[in-house]
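Each remark here refers to the structure printed beneath this line.
The values are calculated or read from the model by the stated rules, or taken from the named source; none is laboratory data. Please read all numbers here as calculations on a predicted model, not as lab measurements. Virtual Cβ from ideal backbone geometry, glycine too; neighbours counted across all protein chains shown.
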Amino acid sequence: MTAELIAIRDAILQRQRFVITSHARPDGDAIGSQVAMMWALRALGKDVQMVGADAAPPQFQVFPGVRDIRVSKTIDGQFDAAIVMECGDLSRTGVQGFEKYFVINIDHHVGNTGYGALNWFDPGSAACGEMVFDLIVALGVKLTPEIATNIYITILTDTGGFHFSHITPRTFDICRRCTEAGAEPEAIARAIYDSSTMGRLRLMGAVLHNLEFEGGGRAAIAALTLKLLQETGATHDDTDGLINIPLNVKDILAVAFFKEIAPDDFRVSLRSKGDVDVNRVANAFGGGGHKNAAGCTLNGPYPEVRRKLVAELTRAL
């Protein structure tokens, strides 16, 4: 165990009341990390609440404990500590009020600002859930089916279904231990990846039909406007995983997916394979992530923000 892990373990054992959160617009790693930690703390007899700026996407709502996450933009109450996961800084939570608590900062993304009273940063982890697994073991909590299921979710989703380069032997060992404890890989994968809506199907067709290519065909550029979202009857939750589809093509090494959140306000997801470092692309615009999976936010007319990002992406290629 590292010194950081020991310090966090001891701080948790010495405290009783906790609030847990992760980043706004949560993905599988953010959701599973929170919920697994919640189950572990409750097993220790702790008082625990979970809060998030946005609700978990529908496909995650079926998993044990996810519906206990309270959706709120503010947090207040008597807590001995706040455990914040997967956030480079507190603003990433989208929730106001955490700064007044004893913050335990657990993250695996490059660029974390070290804002907590205790900070644990491990860029070698394939998912924040791997760190949560280590913490749960350090706390002496038995892996239950509920904990194991949520840890498995973090790894499955944050490795892109075991596609990304940051996977290690440890990743598969944790998955083995989770399945032995009751996680069901087939059922989890079906719930996450095989529960699409008709809106998602229409959206997938529209987005793929309008794909554009840059860098001599090595980069695919996808765009989702508010108008297209309305026309297809889809939601932003329906975009999950669409960015990975162009990477199935052998010659495509990177994908940029522009999602219009508000007029002239775009969230850009980036994916790549091999040695193409999209984290550097995201960093150029104040974002971040991993070598093969990153993101950022850009403001301005679509042609302008597209031009700026494609220029950086071309350099990465």
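A few points about this structure:
- Residue pairs meeting the criteria (Cβ under 6 Å; at least 6 apart or on separate chains; first surrounded by 21 or more Cβ atoms within 10 Å (Cβ to Cβ), in segment 112-131; second of a type in the set (S, T, N, Q)): GLY116/ASN105; ALA126/THR159; ALA126/THR171; ALA127/THR154; CYS128/SER33; GLY129/SER33; GLY129/THR154; MET131/SER125
- Per the conditions (1) more than 20 Å from the chain's Cα centre (by Cα); (2) crowded, with 18+ Cβ neighbours inside 10 Å; (3) at pLDDT below 95, the sole criterion not satisfied by LEU143 is (3).
- Where PHE133 falls short, out of the listed (1) farther than 20 Å from ALA24 by Cα; (2) under 14 Å from the mean Cα position of the chain (by Cα); (3) aromatic (Phe, Trp, Tyr): (2)
- The conditions of being closer than 30 Å to VAL137 by Cβ and surrounded by 17 or more Cβ atoms within 10 Å (Cβ to Cβ) are not met by THR232.
- Considering ALA40, ALA36, ALA82, the condition of being assigned to a strand (DSSP E or B), closer than 20 Å to ALA11 by Cβ and assigned by TED's automatic domain parsing to the domain that holds GLY129 is satisfied by ALA82 alone.
- If the condition is being of a type in the set (D, E, K, R), more than 17 Å from GLY160 (Cα to Cα) and in a helix (DSSP H, G or I), then segment 229-285 contributes GLU231, ARG280.
- Candidates are the residues of segment 286-307 that are touching a helix residue (DSSP H, G or I) at 6+ places or on another chain (Cβ under 7 Å) and assigned to a loop (DSSP other than H, G, I, E, B); the one that is farthest from ARG218 (Cα to Cα) is HIS290.
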